[in-house]
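Read the structure below first, then the notes.
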Amino acid sequence: MQGNAGPVPILRGLSLQVERGETVGLVGPSGSGKSSLLMLMGGLERATGGLVQAMGQDLTALDEDALARFRLSHMGVVFQSFHLIPTMTALENVATPLELAGAPDAFARAAAELDRVGLGARRDHYPAQLSGGEQQRVALARAAAPRPAILLADEPTGNLDGATGQAIMDLLFGLRADHGATLVLVTHDPDLARRCDRVIRLADGRLAAEAAA
């Protein structure tokens with residue numbers, strides 16, 4: 001990966017294949033490279049060497065515009081810090097990627113997705129008017145609304161209390177099952193990791209262990 005002072009060797013000698021429809025948990029201590037690996041998978045960071053492929057497409061060969069189009073068409077990403085647009089309502093936040101993808105029914109689909117995550121009555125509220133759990137529900141709806149083939153989640157419950165985090169994860173796994181998406185999840189929670197088909201443990205930027213959950 002590229003840092004301000006040049007290449008930073010965060011991930012080294014790592015080879016990983018995720019099958020279509022699989023759920024994979026990425027675990028390991030802070031600084032082990034979990035989030036960096038997820039960002040490379042999503043084309044959100046550039047690899048300084050090696051190859052990153054998704055759905056037969058070499059992401060390392062795409063420019064930024066092509067990467068953005070690929071993510072828009074095939075991926076949904078959920079972050080720990082929600083990344084909602086503060087000047088847009090919940091409905092507008094969910095509808096925006098659908099509009100960018102050219103969906104003629106963007107707002108109807110966004111409304112339906114907010115209903116599915118239990119926020120139909122909050123669709124006209126702005127992020128600042130929503131609790132942390134509600135904001136993450138909006139982020140989940142936004143990620144799932146385009147029906148992505150791949151869902152990437154980086155510590156999606158990290159900013160939430162236990163009960164709220166559990167509800168969010170139930171929603172995430174439910175959305176994944178409904179859409180048949182591949183799910184790759186970064187987490188520090190061993191209980192959450194065990195819900196995945198497979199658990200990948202990283203240490204010092206390398207693959208340390210792999211096991212069925």
Review point. Which percent of Cα pairs goes in each bin when the distances of segment 80-159 are cut into 5 angstrom slices starting at zero?
Key: 3, 18, 30, 25, 18, 5, 1
Check your understanding: Amide H to amide H, which residues 5 or more places from Ala54 or on other chains are under 5 Å from it, using H placed in the peptide plane?
Key -> Leu59
Point to revise | Environment charge at Gly76 (Cβ cut-off 10 Å; Lys +1, Arg +1, Asp -1, Glu -1) | key: +4
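Which value does Rg/Rh take for segment 148-204 over its C-alpha atoms, Rh per Kirkwood? Spell out each step's value before the answer.
Working: Rg = 11.4 Å, Rh = 11.9 Å.
Rounded to two decimals, Rg over Rh is 0.95.
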Review point. Working out 0.36 nm times the residue gap between Glu64 and Gln166, then minus their Cα-Cα distance, what length gain in nm do you get to one decimal?
Key: 33.2 nm
Revision key, fill the gap. One point scatterer per Cα, no solvent, Debye formula: log10 I(q)/I(0) for segment 10-66 at q = 0.21, 0.23, 0.31 Å⁻¹ comes out as -0.90, -1.06, -1.53
Practice item. Report, in degrees rounded to the nearest 10, the 0 to 90 angle that the Cα long axis of helix 64-74 makes with the longest principal axis of the chain. Key: 60 degrees
**Study point:** Estimated inter-spin distance, Ser73 and Gln17, nm [label 7 Å along Cα→Cβ]
**Key:** 2.4 nm
Review point. What's the local net charge at Glu64, with K and R +1, D and E -1, over the other residues with C-beta under 13 Å away?
Key: 0
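Determine the gain in length on full extension of the stretch Ala112-Arg206; use 0.36 nm per residue of separation and subtract their C-alpha separation, reporting nm with one decimal.
On the way: separation 94, 0.36 × 94 = 33.84 nm, distance 4.10 nm.
Value of the extension gain: 29.7 nm.
When every alpha-carbon pair in the chain is counted, what percent end up more than 28 Å apart? List each step's numbers first, then the result.
Values: 6159 of 22578 pairs.
Everything past 28 Å amounts to 27 percent.
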Revision key, fill the gap. For the chain the mean separation of alpha carbon contacts under 8 Å (6+ apart) over residue count, i.e. relative contact order in percent, is 32 percent
Review point. Taking Cα atoms, how many degrees apart are the long axis of helix 132-144 and the longest axis of the chain, rounded to 10 and kept between 0 and 90?
Key: 80 degrees
Practice item. Extending each Cα 7 Å along its Cβ direction at Asp178 and Asp105, get the distance between those two points in nm, one decimal. Key: 1.4 nm
Review point. Can you list the HN-Hα couplings for segment 120-127, worked out from phi with the Karplus curve (6.51, -1.76, 1.60; θ = phi - 60°), rounded to whole Hz and with x for Gly and Pro?
Key: x, 7, 10, 5, 9, 8, 8, x
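What FRET efficiency comes out for the pair Arg46/Thr96, r = Cβ-Cβ distance, R0 = 22 Å, nearest 0.05?
Details: r = 25 Å, r/R0 = 1.12.
In this case the efficiency is close to 0.35.
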Exercise for review: In whole angstrom, note down how far apart the Cα centers of segment 143-182 and segment 38-112 are.
Suggested key: 15 Å
Review point. What list of ³J(HN,Hα) couplings, whole Hz, do you get for segment 51-61 from phi and the Karplus terms 6.51, -1.76, 1.60, once you set θ to phi - 60° and write x for glycine and proline?
Key: 9, 10, 10, 9, 6, x, 9, 7, 5, 5, 8
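Please express the shape of segment 8-113 as an equivalent ellipsoid: the semi-axes are the square roots of 5 times the eigenvalues of the C-alpha gyration tensor, given largest first in whole angstrom.
Details: eigenvalues 162, 56, 36 Å².
Each semi-axis is the square root of five times an eigenvalue, giving 28, 17, 14 Å.
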Check your understanding: Which of Leu175, Leu11, Leu62 moves most in a GNM of the chain, Cα contacts under 10 Å?
Key -> Leu62
Study note, to complete from the structure: Helix 162-179 sits off the longest principal axis of the Cα atoms of the chain, rounded to the nearest 10 on a 0 to 90 degree scale, by 90 degrees
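Read-outs: derived from the displayed coordinates by stated rules, not from any lab. Note that this is a predicted model, so its numbers are computed, not measured. Note that each Cβ is placed from the backbone with ideal geometry, even for glycine, and that neighbours are counted across all protein chains shown.
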